[in-house]
1. Taking W81 as the residue in question, decide whether it is of a type outside the set (D, E), buried (at least 22 other Cβ atoms within 10 Å of the Cβ) and assigned to a helix (DSSP H, G or I).
2. Being at pLDDT below 95 and of a type in the set (A, V, I, L, M) is true for just one of A169, A193, A128, A106. Which residue is that?
3. Checking A172 against (1) in contact with a Gly (Cβ under 8 Å, 6 or more places away or on another chain); (2) assigned to a strand (DSSP E or B); (3) under 25 Å from S143 (Cβ atoms); (4) of a type in the set (A, V, I, L, M, F, W, C), which single condition isn't satisfied?
4. Name the single residue that is surrounded by the fewest Cβ atoms within 10 Å (Cβ to Cβ) among those in the range 54-77 being part of a helix (DSSP H, G or I) and modelled with pLDDT under 95.
5. Of these, W149, W112, which one is under 18 Å from the mean Cα position of the chain (by Cα) and free of Cβ contacts under 8 Å to residues at least 24 places away in the same chain?
6. List the number of the failed condition for G264; all other conditions in (1) at pLDDT 95 or above; (2) surrounded by fewer than 17 Cβ atoms within 10 Å (Cβ to Cβ); (3) closer than 18 Å to G192 by Cβ hold.
7. Being touching a strand residue (DSSP E or B) at 6+ places or on another chain (Cβ under 9 Å), surrounded by fewer than 22 Cβ atoms within 10 Å (Cβ to Cβ) and among the polar types (S, T, N, Q) is the filter here; which residues of the range 126-155 pass it?
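The values are calculated or read from the model by the stated rules, or taken from the named source; none is laboratory data. Keep in mind the model is a prediction, meaning the values are calculated, not measured. Methodologically, a virtual Cβ is constructed for each residue, glycine included, from the backbone with ideal geometry; neighbour enumeration extends over all protein chains shown.
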Amino acid sequence: MLAEEKVEYVATAQGPDVLRPPEGEWIPSVPGDTARVWAVGDANVPNSKRVTRLIKRADPDRVLYLGDVYPEGSHNDFERWAEPWGYLINRMAPTPGNHEWERAHAGYEPFWRDVTGETPPTYYSFRAGGWEVLSVNAEHSDSAAIESWLSEQASSGGNCRIAFWHRPAYSAGKYRPGVESVRPYWDALVGGARIIINGHDHDMQRLRARDGIVEFISGAGGRHRHNVHENDPDLAFGDDGHFGALRLRLSPERARWRFVSARGRVLDKGALFCHA
């Protein structure tokens with residue numbers, strides 16, 4: 001396993017490691033029984049502009065941003081990254097990556113506070129197409145509180161849930177076989193979630209179902225790409241030759257997925273089911 005990128009946490013009274021539970025619904029739910037959702041992370045201008053144009057043309061209901069605004073997640077980095085997204089910034093559900101978390105008090109937090117009117121919570125949920133979508137800040141140091149919240153959400157019946165955070169628990173890419181520090185979050189969701197989506201690995205992957213959960217890695221948002229180990233037995237699909245993103249079409253008890261290259265080529269597709 002290759003060493004993952006190290007980040008020095010900043011923990012002050014007003015710093016990014018202050019636990020912030022959600023107050024109400026921080027990201028609004030999508031009305032209706034269907035939803036068009038895209039997921040991508042690890043963008044880097046100018047390469048990321050092609051992926052952004054792909055997603056904008058689809059006019060999605062929500063975009064899950066999986067973290068890392070390069071190079072440092074500063075205020076200027078966020079402004080440069082956000083400009084091509086335009087109106088879709090207001091439909092975005094974010095989670096922080098390791099590159100912006102050290103400076104979250106100057107970049108990530110004030111940026112999203114300007115967009116939403118509130119400082120980003122450490123974890124939050126919303127509904128889309130009959131599914132519950134859970135976002136957790138896997139860069140936060142209070143893992144016990146996050147695990148407890150995930151377990152509580154996952155125990156409320158059924159498994160029509162999608163969870164997302166930055167670093168993958170399992171991977172056939174650069175961070176193969178995965179990042180151990182986030183596996184407790186995975187374990188907390190077993191039996192109560194069907195899909196987990198991550199970035200951090202700069203490629204596109206679909207892992208074979210584990211514990212009833214299908215993991216997607218969608219980190220080909222524009223940063224230099226990482227090689228995928230195509231002979232990994234856990235890998236169902238992998239692509240390290242394109243920038244692109246994951247598209248989900250959600251409806252009650254069903255999710256259809258496509259990995260799409262920045263030029264619009266469908267690289268992988270399929271459907272899976274859950275029980276409400």
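1. Values: of a type outside the set (D, E): yes; buried (at least 22 other Cβ atoms within 10 Å of the Cβ): yes; assigned to a helix (DSSP H, G or I): yes.
Judged against the criteria, W81 is a match.
2. Result of the check over A169, A193, A128, A106: A106.
3. (2)
4. Filtering first and then ranking leaves N76.
5. Criteria check complete, one pass: W112.
6. (3)
7. Answer for the range 126-155, where residues must be touching a strand residue (DSSP E or B) at 6+ places or on another chain (Cβ under 9 Å), surrounded by fewer than 22 Cβ atoms within 10 Å (Cβ to Cβ) and among the polar types (S, T, N, Q): just Q153.
Conditions (1) surrounded by fewer than 20 Cβ atoms within 10 Å (Cβ to Cβ); (2) more than 16 Å from the chain's Cα centre (by Cα); (3) assigned to a strand (DSSP E or B), marked per residue:
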site	(1), (2), (3)
P184	yes, yes, no
D187	yes, yes, no
R206	no, no, yes
R223	no, no, no
V228	no, yes, no
A236	yes, yes, yes
L246	no, no, yes
